[in-house]
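Asker: Take a look at this one; I'll ask things after.
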Amino acid sequence: MNLDDRLTDETWLERLREAEGPPASGRIGPYEVVSEFSRGGQGVVFRGRQPGTNRPVALKRLIGGRLAAGAARARFDREIDAVCALSHPHIVTVFGVETVDGQPVL
């Protein structure tokens with residue numbers, strides 16, 4: 001998303017609240033969010049449940065959400081590429097990468 005001077009103050013505040021907090025619906029796309037697991041400088045990791053299989057999953061998204069700068073999105077894309085290329089029993093297995101509400105989710 002590009003910064004847009006035409007947005008009202010209320011819209012900016014709403015987007016900021018969305019970016020800082022957990023998903024309001026308790027879902028990220030089709031996944032049920034169980035709890036926040038960890039938060040770092042770039043992203044937030046949630047414990048989740050995959051629909052249909054009820055398999056526990058970890059969901060990672062950018063901490064800035066729709067307000068994340070282009071450089072942050074590029075770093076996240078590089079992280080996705082790197083982790084998808086790895087195969088080791090002690091490294092996370094990627095089940096999918098999706099875009100939910102305009103945000104990448106690993």
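Asker: Accessible area per residue, 1.4 Å probe, Å², for segment 35-92: what's the number?
Answerer: 61
Asker: OK, next. Using a 1.4 Å probe on the protein heavy atoms, what percent of the accessible area of segment 32-106 belongs to carbon and sulfur?
Answerer: 53
The values are calculated or read from the model by the stated rules, or taken from the named source; none is laboratory data. Since this is a predicted model, take the numbers as computed values, not measurements. To get the accessible areas, we keep the full protein, side chains included, count just its heavy atoms, and leave off ligands, DNA and RNA. Shrake-Rupley method; radii C 1.70, N 1.55, O 1.52, S 1.80 Å.
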